[in-house]
Amino acid sequence: MEQNLFKDIYQEIFPFWNEISESDREFICRNSFALTYPKGMNIHDGNECSGVIFVRSGSLRLYMMSEDGKDITLYRLHKGDMCMLSASCVLQTITFDVFVDAEENSECYVISGSAFAEVSARNPKVKIFALETAVSRFSDVMWVMQQILFMSMDKRLAVFLADEAVRTKSDTITLTHEQIARYISSAREVVSRMLKYFANEGLVEVSRGGIKILDKKRLRKLAL
């Protein structure tokens with residue numbers, strides 16, 4: 001029953017699905033697992049091939065960590081997103097360590113990395129899909145680096161708030177100052193000071209319930 005469920009899902013998300021053999025499709029399904037990760041759990045610590053992760057619900061955070069314990073958020077994954085960087089045995093050219101944490105209680109489908117690598121070795125279209133998926137995420141990583149290196153703090157925060165409002169379809173951002181600081185690679189104190197400045201300028205309203213955007217037009221203008 002579970003294998004049939006995987007087949008239906010993979011039929012929708014993998015463009016190569018109908019172009020590989022039935023035995024390879026069954027092999028991928030046999031090596032697939034429906035897993036639930038509690039909030040705060042580390043899913044991938046960069047040292048092993050955790051596999052290909054497809055997010056059914058919840059949110060995952062991918063980040064890099066320095067030797068002194070500082071981390072930089074590369075991007076987040078939400079419902080319908082896929083993580084290929086956690087499958088280092090599939091993409092052997094990825095030589096840096098990526099960490100993955102569950103930011104919320106998250107339900108995921110996970111394909112064994114070794115099984116996916118075995119099928120990709122037999123099927124070039126599977127390998128191409130893996131590479132294209134990874135490359136598409138590198139554009140997100142480069143955008144993060146551009147913000148950190150070249151953008152002022154007020155602009156980075158404005159970009160984050162505007163993008164989060166679009167993603168959630170809500171003018172209220174229900175994240176703590178500490179979470180926002182983690183996502184934009186800053187310090188909580190800096191984020192709190194900048195939000196206070198935004199509030200004084202009438203851009204947002206800050207409360208225990210979150211951050212309510214009051215002037216989307218001016219905030220988006222600041223983000224440009």
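The values are calculated or read from the model by the stated rules, or taken from the named source; none is laboratory data. The shown structure was predicted, so the numbers you read here are calculated from the model rather than taken from an experiment. Note that each Cβ is placed from the backbone with ideal geometry, even for glycine, and that neighbours are counted across all protein chains shown. Surface accessibility is based on the protein's heavy atoms, side chains included, excluding ligands, DNA and RNA. Shrake-Rupley method; radii C 1.70, N 1.55, O 1.52, S 1.80 Å.
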Return the total of residues in segment 129-169 being of a type in the set (S, T, N, Q) and in contact with a strand residue (DSSP E or B) (Cβ under 9 Å, 6 or more places away or on another chain).
1
Given the criteria touching a helix residue (DSSP H, G or I) at 6+ places or on another chain (Cβ under 7 Å), in contact (Cβ under 8 Å) with a residue 60 or more places away in the chain, more than 30 Å from residue 22 (Cα to Cα) and in a helix (DSSP H, G or I), does residue 115 qualify?
no
Does residue 190 satisfy being surrounded by 14 or more Cβ atoms within 10 Å (Cβ to Cβ) and either in contact (Cβ under 8 Å) with a residue 40 or more places away in the chain or over 30 Å from residue 26 (Cα atoms) (or both)?
yes
Subset of segment 1-49 (residues that are open to solvent by less than 70 Å² (accessible area, probe 1.4 Å), of a type in the set (Val, Ile, Thr) and either assigned to a helix (DSSP H, G or I) or closer than 26 Å to residue 101 by Cα (or both)):
9, 13, 28, 43
Could you grab me the full set of residues in segment 78-108 that are under 13 Å from residue 52 (Cα atoms), open to solvent by less than 10 Å² (accessible area, probe 1.4 Å) and either part of a strand (DSSP E or B) or at pLDDT 90 or above (or both)?
83, 100, 108
Inter-residue pairs, beta-carbon under 6 Å, first free of Cβ contacts under 8 Å to residues at least 40 places away in the same chain and among the aromatic types (Phe, Trp, Tyr) and in segment 10-23, second surrounded by 11 or more Cβ atoms within 10 Å (Cβ to Cβ) and in a loop (DSSP other than H, G, I, E, B), 6+ apart:
none
Subset tally (residues that are open to solvent by 10 Å² or more (accessible area, probe 1.4 Å) and in contact (Cβ under 8 Å) with a residue 40 or more places away in the chain) for segment 164-178:
4
Is it fair to say residue 131 is over 16 Å from the mean Cα position of the chain (by Cα) and without any contact (Cβ under 8 Å) to a residue 24 or more places away in the chain?
no
Criterion violated by residue 63 - all others in (1) of a type outside the set (Asp, Glu); (2) assigned to a strand (DSSP E or B); (3) over 22 Å from residue 78 (Cβ atoms) satisfied
(3)
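Filter segment 206-224 down to the residues that are open to solvent by 50 Å² or more (accessible area, probe 1.4 Å), hydrophobic (A, V, I, L, M, F, W, C) and closer than 20 Å to residue 169 by Cβ and list them by number. First the steps, then the outcome.
Step one: list which residues in segment 206-224 are open to solvent by 50 Å² or more (accessible area, probe 1.4 Å), which gives 206-209, 212, 214, 216-218, 220-222, 224.
Cutting the leftovers down to hydrophobic (A, V, I, L, M, F, W, C) gives us 206, 214, 222, 224.
Residue satisfying the conditions is 214 alone.
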